[in-house]
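Notes follow once the structure below has been shown.
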2 protein chains.
Amino acid sequence: MAVYTHLGADDLAGLIAEYNVGSLLSAKGIAEGVSNSNWLLETSGADGHGAARQATRFILTMYERRIELDDLPFFLGLLDHLAARGGPVPRTIHDRSGAAFRMMDGKAVALIEYLPGVSIDRPSPAQARAVGRALAGMHVASADFAATRANDLAPPDWQDLFQQCGSGLATINASLPRIVETHLSAIMAGWPDDLPRTTIHADLFPDNVLMLGDDVSGMIDFYFACTDMAAYDLAVTHAAWSFGGPGTMFKPEIGQALVAGYEDIRPLTQAERAALPLLAQGAAMRFVATRAFDWINTPDDALVARKDPMDFVKRLQFYAEAGDGPFTPAPR
Amino acid sequence: MAVYTHLGADDLAGLIAEYNVGSLLSAKGIAEGVSNSNWLLETSGADGHGAARQATRFILTMYERRIELDDLPFFLGLLDHLAARGGPVPRTIHDRSGAAFRMMDGKAVALIEYLPGVSIDRPSPAQARAVGRALAGMHVASADFAATRANDLAPPDWQDLFQQCGSGLATINASLPRIVETHLSAIMAGWPDDLPRTTIHADLFPDNVLMLGDDVSGMIDFYFACTDMAAYDLAVTHAAWSFGGPGTMFKPEIGQALVAGYEDIRPLTQAERAALPLLAQGAAMRFVATRAFDWINTPDDALVARKDPMDFVKRLQFYAEAGDGPFTPAPR
């Protein structure tokens with residue numbers, strides 16, 4: 001959570017004038033985004049009466065890391081592609097020249113549609129089922145999205161991250177090096193390469209889903225989106241949503257609802273279903289890797305709270321022991 | 001800027017149910033407030049068709065410091081008093097039982113009307129004049145506000161803060177102890193006690209004023225409000241708004257516009273006008289004192305950016321040398 005850059009009212013009003021959204025009425029820096037700065041803007045609305053929805057609220061994102069610039073056309077184009085197909089995804093607002101992002105003080109900024117809804121920490125099975133459906137809908141809708149982006153957090157990248165952690169891994173938890181060694185080679189050896197691929201979100205945690213009641217009103221924060229196995233995205237979502245309560249226990253009714261919702265829209269193949277237990281171990285390992293790296297490399301005075309890697313170690317161990325039970329639909 | 005407490009959607013929906021504002025549609029943690037956590041909420045709107053404006057957007061504030069609890073009825077009551085008189089001040093939304101604030105996990109929370117507008121870093125003279133008018137309007141409108149609150153950042157409190165800084169003062173700047181010694185006793189010796197008193201904002205910096213064009217659409221963050229001299233509030237506002245650019249130069253056209261706007265609504269007495277140069281030195285000293293104390297006592301890993309005390313040392317020295325020039329209306 002952070003706003004890394006101060007933008008004054010003059011800066012913001014000048015930026016907004018480059019878009020056909022009316023004049024600036026309000027701007028609040030919002031406490032979201034780990035590597036970006038975000039503002040919630042309200043404007044007086046576009047001129048004219050086009051077919052476009054008359055949005056007056058927007059999220060302005062400033063991309064603080066240069067590295068993301070090359071990938072921005074992919075991320076912002078994906079939002080447009082999915083929104084055009086009716087998905088619960090915010091549109092990218094293009095400026096008067098048609099550009100999806102602009103440069104400001106050497107950083108890229110994009111104006112993105114605001115969507116209502118709240119992030120649900122403790123979903124009901126009905127809500128989890130809606131999340132599964134929304135994820136499958138995204139996979140189906142992105143089948144004809146032409147652009148591709150390699151997953152830069154694939155198994156070899158986890159291995160690199162652990163190697164960069166070096167002896168620091170044991171400072172997080174004495175058992176962590178052994179746990180990683182035990183599981184990583186098995187996951188990599190069994191990692192499938194022949195499952196159906198599409199554009200995946202790859203980070204669909206509860207804080208990236210907006211809900212109104214039992215409906216998904218928005219999927220946001222596509223900045224890990226890439227071209228990879230659809231079933232891996234379901235595994236990531238399963239690992240992200242299905243645990244909670246004392247000792248980070250598995251909640252079977254949530255995991256089952258996610259899979260059932262997914263299959264409401266896109267039934268899994270036999271091979272995908274068989275791969276889910278290993279994919280879920282991989283999903284857990286991916287978050288152990290990035291969290292361990294961030295734990296070791298985040299300065300103590302950073303504005304960002306570090307996340308405990310051991311939380312996902314528990315999920316990894318659960319998936320390694322549980323077999324295919326966590327993915328089996330509940331008896332009807 | 002910070003959100004210190006995580007509130008899940010369940011927590012927020014449960015809280016909102018205690019108010020007649022409809023159901024929760026959106027919640028964003030916002031990067032405002034140094035000692036409070038703030039969320040921008042959107043709801044479906046109140047039941048029924050009362051005379052009250054149908055607000056659907058609110059700021060939810062969680063007061064993170066226990067010390068403020070005793071003062072909350074004063075602060076929240078003042079908002080209601082000023083809003084009822086048509087001032088550009090957010091109303092406090094009372095819960096179904098009529099309470100202006102509620103307790104949640106041991107902390108007080110209040111639901112406050114959202115106001116449009118943006119904070120202006122570099123005001124025009126017309127905007128400064130509007131700010132002066134709004135400040136005077138608040139002083140006039142609070143004349144019949146019955147509650148009182150002592151100013152706990154009065155001259156003796158500055159002295160206490162400097163004493164607590166001790167030898168730390170010189171670590172900020174080697175000349176700072178001498179500068180404080182030179183000016184503080186003179187300010188305290190000449191501090192008036194017979195000027196008109198009212199309820200003052202006491203912290204009307206640009207980020208506490210929302211503007212739409214040249215109009216003040218909101219004055220916010222009344223958590224330093226207290227019963228003190230009206231002219232001191234004008235001096236604080238003058239010190240807060242009238243400097244900028246290279247070397248934090250005084251901008252005479254802004255300072256003059258603030259005073260002129262103030263006198264559009266509430267003409268200063270002869271004694272108030274004569275006191276302004278000393279009151280402005282006091283206003284600058286007040287911010288030197290709190291910023292020096294915070295500079296020394298803020299941990300390096302705090303979420304809050306420290307503000308440089310030397311910025312207000314320059315303003316103090318400017319006011320000490322400039323006499324009554326900075327407060328003289330421009331020739332017409």
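For the stretch A:183-196, indicate whether the set of residues that are out of contact with any helix residue (DSSP H, G or I) (no Cβ under 9 Å at 6 or more places or on another chain), under 30 Å from B:Ala9 (Cβ atoms) and assigned by TED's automatic domain parsing to the domain that holds A:Pro309 is non-empty. Within the stretch A:183-196, none of the residues are out of contact with any helix residue (DSSP H, G or I) (no Cβ under 9 Å at 6 or more places or on another chain), under 30 Å from B:Ala9 (Cβ atoms) and assigned by TED's automatic domain parsing to the domain that holds A:Pro309.
In this structure, B:Asp233 qualifies as in a helix (DSSP H, G or I) and within 25 Å of B:Gly117 (Cα to Cα). Can you find a residue that is more than 24 Å from A:Ile30 (Cα to Cα) and either charged (D, E, K, R) or away from every other protein chain (no Cβ under 14 Å) (or both) anywhere in the stretch B:21-32? No, there is no match, as no residue in the stretch B:21-32 is more than 24 Å from A:Ile30 (Cα to Cα) and either charged (D, E, K, R) or away from every other protein chain (no Cβ under 14 Å) (or both).
Among the residues making up the stretch B:85-105, those that are outside any loop (DSSP other than H, G, I, E, B) and closer than 29 Å to B:Ala136 by Cα are B:Thr92, B:Ile93. Checking the stated criteria, B:Ala108 turns out not to satisfy the condition of being among the hydrophobic types (A, V, I, L, M, F, W, C) and not in a strand (DSSP E or B).
Scanning the stretch B:71-87 for residues that are closer than 22 Å to B:Thr43 by Cβ and either within 14 Å of chain A (Cβ to nearest Cβ) or touching a residue at least 60 places away in the same chain (Cβ under 8 Å) (or both) gives a single hit, B:Leu79.
Does the stretch B:5-20 hold any residues that are more than 27 Å from A:Gly244 (Cβ to Cβ) and at the interface with chain A (Cβ under 9 Å from one of its Cβ atoms), and which are they? Within the stretch B:5-20, no residue meets the criteria.
Given the structure, is A:Phe145 touching a Ser or Thr at 6+ places or on another chain (Cβ under 6 Å), more than 14 Å from chain B (Cβ to nearest Cβ) and crowded, with 18+ Cβ neighbours inside 10 Å? Yes.
Take A:Asp207 and tell me if it is loosely packed, with under 15 Cβ neighbours inside 10 Å, touching a residue at least 12 places away in the same chain (Cβ under 8 Å) and within 14 Å of another protein chain (Cβ to nearest Cβ). Against the criterion (loosely packed, with under 15 Cβ neighbours inside 10 Å, touching a residue at least 12 places away in the same chain (Cβ under 8 Å) and within 14 Å of another protein chain (Cβ to nearest Cβ)), A:Asp207 qualifies.
Here A:Ala55 fulfils each of the conditions (1) at pLDDT below 80; (2) in contact with a Gly (Cβ under 7 Å, 6 or more places away or on another chain) apart from (2). With respect to the conditions (1) more than 21 Å from A:Leu135 (Cα to Cα); (2) modelled with pLDDT of 90 or more; (3) in a loop (DSSP other than H, G, I, E, B), A:Leu316 lacks only one, and its number is (3).
Going by the conditions given, is B:Asp207 closer than 30 Å to A:Leu41 by Cβ and out of contact with any Lys or Arg (no Cβ under 8 Å at 6 or more places or on another chain)? Spelling it out, B:Asp207 is indeed closer than 30 Å to A:Leu41 by Cβ and out of contact with any Lys or Arg (no Cβ under 8 Å at 6 or more places or on another chain). Does the stretch B:213-236 contain any residue that is modelled with pLDDT of 95 or more, within 18 Å of B:Asp311 (Cα to Cα) and either crowded, with 19+ Cβ neighbours inside 10 Å or in contact with a Phe, Trp or Tyr (Cβ under 9 Å, 6 or more places away or on another chain) (or both)? Yes, the stretch B:213-236 has at least one match.
The set of residues in the stretch A:89-127 being within 18 Å of the chain's Cα centre (by Cα), more than 14 Å from chain B (Cβ to nearest Cβ) and of a type outside the set (S, T, N, Q) consists of A:Val89, A:Arg91, A:Ala110. Being surrounded by fewer than 24 Cβ atoms within 10 Å (Cβ to Cβ), in a helix (DSSP H, G or I) and either at pLDDT below 95 or outside the structural domain of B:Ser37 (by TED's automatic domain parsing) (or both) is a property that B:Ala240 has.
Taking the listed residues B:Ala174, B:Ala141, the one that is touching a Gly at 6+ places or on another chain (Cβ under 7 Å) and among the small types (Gly, Ala, Ser) is B:Ala141, with no other qualifying. Within the set A:Ile120, A:Ile172, A:Ile179, the sole residue that is outside the structural domain of A:Ala260 (by TED's automatic domain parsing) and surrounded by 15 or more Cβ atoms within 10 Å (Cβ to Cβ) turns out to be A:Ile120.
Residue count for the stretch B:117-166 satisfying the condition of being under 16 Å from B:Tyr232 (Cα atoms), in contact (Cβ under 8 Å) with a residue 60 or more places away in the chain and not hydrophobic (A, V, I, L, M, F, W, C): 10.
The values are calculated or read from the model by the stated rules, or taken from the named source; none is laboratory data. Keep in mind the model is a prediction, meaning the values are calculated, not measured. Counting neighbours? That spans all protein chains shown, and the Cβs are built from the backbone with ideal geometry, glycine included.
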